[in-house]
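Enquirer: Got a structure here, written out as C-alpha cells. Questions coming.
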Amino acid sequence: MENLIDEKEERRSFYKSLWTIVAPIALQNLLSAAVGSADVIMLGYVGQTAIAASSLANYVQMIMFLFYIGLSSGVVMIAAQYWGKGDTHSIETIFGIGTKLSAIVGAVFGLAAIFAPRLLMKIFTDDEALIATGAEYLHIVGISYFLLSFSQIIQATLKSIERTQAVTAITTAALLLNILGNAIFIFGLFGAPKMGIRGVALATTISRVVELALCVIVIGRVKELKIRLECLFRKNLVLLKDFIHYSLPAIGNEVVWGAGFATYAVIMGHLGSDLVAANSLVNVLRNLATIVCFGMAYGGAILLGKQIGSGQYELAKRSASRLVKSTILAGVIGAVILAIARPLLFKMATLTPEATKMLTPLLYINSLSIIGATINTVLICGIFRSGGDAKFGFVLDTIAMWAISVPLGLLAAFVLHLPPVLVYFILYLDEFEKMPVNVIHYKSGKWLKNITRDFDETEVLK
C-alpha cells in the first residue's frame, strides 16, 4: 500500500514539475505560431506572391534556427545536468562557450541575408517574382539574425535552470511587439508608410532588438548565476571538449533535418507557387496543433536532465516513460484538432483556385505526420538528449532523410513527374521511416548517461 502511495505521489510530482516547465514553453510556442498566423493573414491582403515569398524566405531563418537549436540543445543538455548537480560555475562557462559559437552562426547568416538575398532566394525557387519579393524581406531582416545569436543562448541558459516563465515573458513581449509592428508597417497605420513584406521584416528586426535587451536584463538579475562579459573569455578546455562532443551531434541532427526539410521546400518551390502558398497556410495550423506536444518533448528534456545530473537514474527512467505516454497523447489530440480545423483554412487568405484545391489533402497529410513527428521528437530531442545522446538522432535522421526521403522526392517530382500533392505525401513519410528504430533505441536504455564532471578548484579557474 505504501509503495502505491509513493508511486502516486511520484507521478503527481512529475506531472506538476513537467507542467511548470512545459506550460510557459507551450505559451511561448503559441505566441510564436500566432505571429506566423498574423503574418500570413496580413500578407494575404498584400497578395499570394507575398505569402509564398515570405514562406520561402523564412526557410533561410529556419536553417539558421537549426544551428541555434543545436547549440541551445547543447547548452540545455549539459547545463540542466549541472543544475541538478548544483554546479552553477560550470553553467556560466557553458553559457560563454555557447554564446561565442552562436555569434559566429549569426554573423554568417546575417551577412548573407543582407548582402546576397537574391542568391539565397534562388536556392528555393526560380520564380523571378518570388525571388525579388523575398530578397526585399531578407535584406532587412538579416540584421535580426545576428541579434538572435545572443538571445537564443541566454534563453537556453534560463531554461536549463528552470526559468521558463522568464523566457516566456520575454518572448511574449517581443512577439506582441512583432504583431503590432506588422500591422503598422504592412497597412501604414499611425502615419507609417505602407511597406508590405518589407514591413514584416522591419517589425521583426525591431522586436528582436527588444527581445535581446530584455534577455540581458533578466539573466543579469538571476541570483544563482553570475553572467558577465568575463564568461565569454573564461577558459575550461574540459567543458569546451564536452560541449563540442555533445552539441555537435545535436547541431548536426538539426542541420541534417533542416537541410532535408529545406530540400523539400526546394522541390515544392519548383513545383509551383500554388503548392508553396497552400503549404504555408497549412503549416500555420500545424504549428498551432503541435504546440503542447513539442513543448512537452523539449521541456521534458530539462526535467530528465536535472534528475540524471543529480544521480536519480531509476527515477529518470520512470519519468521518461511518463513523458513518452503523455506526449504521444498530446500529439494525437493535436492531429485530431488539425484535421477538424479544415474550415479555418479557407478563411485565412484568398488563393488561386488550384492552390485552394490543395489545401484539404495537405491538411490531412500533415494530420497524419504529426503523430510520427511527436513520437520521434519526444524520443530524439527530449529523452535521448537529456542523457547526452544526440548522436543517435543525428545518424538516424541522416539516413532517413538523405538516403530515403529526399531521393524519393526528387525521383517523384523530376523523373516520374507525379502530381504535386502525391510528391508532398511521399516527402512527409520520413517520420514513419525512423519511428521503429527510435522506439527500439529507447527500450534499450543506452541513452541514459550522466555527462557531468567533478572539477577541483584549479580546474574550475582555468
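The values are calculated or read from the model by the stated rules, or taken from the named source; none is laboratory data. The structure displayed is predicted, hence computed values, not measured ones. Positions of Cβ are backbone-derived with ideal geometry, glycine not excepted, and every protein chain shown enters the neighbour counts. Only protein heavy atoms, including side chains, enter the accessible area calculation; ligands, DNA and RNA are left aside. Shrake-Rupley method; radii C 1.70, N 1.55, O 1.52, S 1.80 Å.
Enquirer: Thr164 is checked against (1) open to solvent by 10 Å² or more (accessible area, probe 1.4 Å); (2) closer than 19 Å to Phe95 by Cα; (3) at pLDDT below 90 and fails just one. What number does that condition carry?
Expert: Evaluating Thr164 over (1) open to solvent by 10 Å² or more (accessible area, probe 1.4 Å); (2) closer than 19 Å to Phe95 by Cα; (3) at pLDDT below 90 leaves (1) as the failure.
Enquirer: Across region 1-28, which residue is modelled with the lowest pLDDT among those that are buried (at least 21 other Cβ atoms within 10 Å of the Cβ) and closer than 26 Å to Val282 by Cβ?
Expert: The residue in question is Gln28.
Enquirer: Could you list all residues from region 170-192 that are small (Gly, Ala, Ser), without any contact (Cβ under 8 Å) to a residue 40 or more places away in the chain and surrounded by fewer than 19 Cβ atoms within 10 Å (Cβ to Cβ)? Break it down stepwise before answering.
Expert: Filtering region 170-192 for residues small (Gly, Ala, Ser) gives 173-174, 181, 183, 188, 191-192.
Checking the rest, the ones that are also without any contact (Cβ under 8 Å) to a residue 40 or more places away in the chain come to 181, 188, 191-192.
Residues satisfying the conditions are Gly188, Gly191, Ala192.
Enquirer: Out of (1) surrounded by fewer than 16 Cβ atoms within 10 Å (Cβ to Cβ); (2) in a helix (DSSP H, G or I), the odd one out for His417 is which?
Expert: (2)
Enquirer: Oh, and also: Show the residue pairs meeting these rules: Cβ distance below 9 Å; 6+ apart or different chains; first residue within region 209-227 and in a helix (DSSP H, G or I); second residue open to solvent by 80 Å² or more (accessible area, probe 1.4 Å).
Expert: Pairs that qualify, where the first residue is in a helix (DSSP H, G or I) and the partner is open to solvent by 80 Å² or more (accessible area, probe 1.4 Å), are Val209/Ile143; Gly220/Arg228.
Enquirer: Name the single residue that is modelled with the highest pLDDT among those in region 261-273 being closer than 16 Å to Ile365 by Cβ and open to solvent by 30 Å² or more (accessible area, probe 1.4 Å). Give the steps one after another, and end with the answer.
Expert: The initial filter retains those residues of region 261-273 that are closer than 16 Å to Ile365 by Cβ, namely 261, 264-265, 267-268, 271.
Okay, now just the ones that are also open to solvent by 30 Å² or more (accessible area, probe 1.4 Å), so 261, 271.
Details: Phe261: 78, Leu271: 83.
In this case the residue turns out to be Leu271.
Enquirer: So which residues in region 288-303 are among the β-branched types (Val, Ile, Thr) and either open to solvent by less than 10 Å² (accessible area, probe 1.4 Å) or touching a Phe, Trp or Tyr at 6+ places or on another chain (Cβ under 6 Å) (or both), if there are any at all?
Expert: At the first step, the residues of region 288-303 found to be among the β-branched types (Val, Ile, Thr) are 290-292, 302.
Within region 288-303, Thr290, Ile302 meet the criteria.
Enquirer: Still on this model: Quick one: in region 425-457, of everything that is acidic (Asp, Glu) and in a helix (DSSP H, G or I), which residue is modelled with the lowest pLDDT? Break it down stepwise before answering.
Expert: Taking region 425-457 as the starting set, the residues that turn out to be acidic (Asp, Glu) are 430-431, 433, 454, 456-457.
From what is left, the residues that are in a helix (DSSP H, G or I) are 430-431, 433, 457.
Values: Asp430: 85, Glu431: 88, Glu433: 87, Glu457: 44.
By that ranking, first place goes to Glu457.
Enquirer: Would you check which residues across region 267-294 are of a type outside the set (D, E, K, R) and over 23 Å from Gly372 (Cα atoms) and list them?
Expert: First, pick out the residues of region 267-294 that are of a type outside the set (D, E, K, R): 267-273, 275-285, 287-294.
Matches in region 267-294: Gly269, His270, Leu271, Gly272, Ser273, Ala277.
Enquirer: Here's a check for you: in region 317-336, which residue that is surrounded by fewer than 23 Cβ atoms within 10 Å (Cβ to Cβ) and in contact (Cβ under 8 Å) with a residue 60 or more places away in the chain is nearest to Leu379 (Cα to Cα)?
Expert: Val324
Enquirer: Name the single residue, out of those in region 350-381 being open to solvent by less than 10 Å² (accessible area, probe 1.4 Å) and in contact with an Asp or Glu (Cβ under 7 Å, 6 or more places away or on another chain), that is modelled with the lowest pLDDT.
Expert: Restricting to residues being open to solvent by less than 10 Å² (accessible area, probe 1.4 Å) and in contact with an Asp or Glu (Cβ under 7 Å, 6 or more places away or on another chain), the top hit is Ala355.
Enquirer: Next up: Report the residue count in region 63-91 for those that are open to solvent by 10 Å² or more (accessible area, probe 1.4 Å) and either in a helix (DSSP H, G or I) or hydroxyl-bearing (Ser, Thr, Tyr) (or both). First the steps, then the outcome.
Expert: Pass one, region 63-91, residues open to solvent by 10 Å² or more (accessible area, probe 1.4 Å): 63, 65, 67, 69, 72-73, 76, 83-89.
Those still in the list that are either in a helix (DSSP H, G or I) or hydroxyl-bearing (Ser, Thr, Tyr) (or both) too: 63, 65, 67, 69, 72-73, 76, 83-85, 88-89.
Residues in region 63-91 being open to solvent by 10 Å² or more (accessible area, probe 1.4 Å) and either in a helix (DSSP H, G or I) or hydroxyl-bearing (Ser, Thr, Tyr) (or both): 12 in total.
Enquirer: Determine whether Ile94 is closer than 30 Å to Ser17 by Cβ and either open to solvent by 10 Å² or more (accessible area, probe 1.4 Å) or in a helix (DSSP H, G or I) (or both). Walk me through how you get there before you give the answer.
Expert: Values: closer than 30 Å to Ser17 by Cβ: yes; either open to solvent by 10 Å² or more (accessible area, probe 1.4 Å) or in a helix (DSSP H, G or I) (or both): yes.
Yes, satisfied.
Enquirer: For region 104-113, does any single residue satisfy the condition of being closer than 25 Å to Asn29 by Cα, of a type in the set (Val, Ile, Thr) and open to solvent by less than 10 Å² (accessible area, probe 1.4 Å)?
Expert: Checking region 104-113: not a single residue is closer than 25 Å to Asn29 by Cα, of a type in the set (Val, Ile, Thr) and open to solvent by less than 10 Å² (accessible area, probe 1.4 Å).
Enquirer: While we're here: Take region 382-393 and flag every residue that is surrounded by fewer than 23 Cβ atoms within 10 Å (Cβ to Cβ) and in a helix (DSSP H, G or I). Explain how you work it out, then say what you get.
Expert: Let us first name the residues in region 382-393 that are surrounded by fewer than 23 Cβ atoms within 10 Å (Cβ to Cβ), namely 389, 391-392.
Scanning region 382-393 gives Lys391, Phe392.
Enquirer: Being open to solvent by 20 Å² or more (accessible area, probe 1.4 Å), among the charged types (D, E, K, R), at pLDDT below 90 and part of a helix (DSSP H, G or I): is that true of Lys306 here? Can you show your working first?
Expert: On the way: open to solvent by 20 Å² or more (accessible area, probe 1.4 Å): yes; among the charged types (D, E, K, R): yes; at pLDDT below 90: yes; part of a helix (DSSP H, G or I): yes.
When the stated conditions are applied, Lys306 passes them.
Enquirer: Something else: Take region 337-357 and flag every residue that is touching a residue at least 24 places away in the same chain (Cβ under 8 Å), assigned to a helix (DSSP H, G or I) and under 13 Å from Ser273 (Cα atoms).
Expert: Passing the criteria: Glu354, Ala355, Thr356.
Enquirer: For a quick check of your reading of the model, give me the residue pairs whose first member lies in region 118-139 and is more than 20 Å from Ala107 (Cα to Cα) and β-branched (Val, Ile, Thr), whose second is open to solvent by 60 Å² or more (accessible area, probe 1.4 Å) and part of a helix (DSSP H, G or I), with beta-carbon atoms closer than 7 Å and at least 6 apart or on different chains.
Expert: Within 7 Å, the pairs are Ile131/Arg118; Ile131/Lys122; Thr133/Thr49.
Enquirer: Report whether or not Tyr246 is of a type in the set (Phe, Trp, Tyr) and open to solvent by 10 Å² or more (accessible area, probe 1.4 Å). Let's see the steps before the verdict.
Expert: Details: of a type in the set (Phe, Trp, Tyr): yes; open to solvent by 10 Å² or more (accessible area, probe 1.4 Å): yes.
Yes; evaluated as a whole, the condition is true for this residue.
This table checks each residue for (1) touching an Asp or Glu at 6+ places or on another chain (Cβ under 8 Å); (2) at pLDDT 90 or above; (3) under 18 Å from Gly98 (Cα atoms); (4) in a helix (DSSP H, G or I).
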| position | (1), (2), (3), (4) |
| --- | --- |
| Ile143 | no, yes, no, yes |
| Gln152 | no, yes, yes, yes |
| Leu158 | no, yes, yes, yes |
| Lys194 | no, no, no, no |
| Ile206 | no, yes, no, yes |
| Cys231 | yes, no, yes, yes |
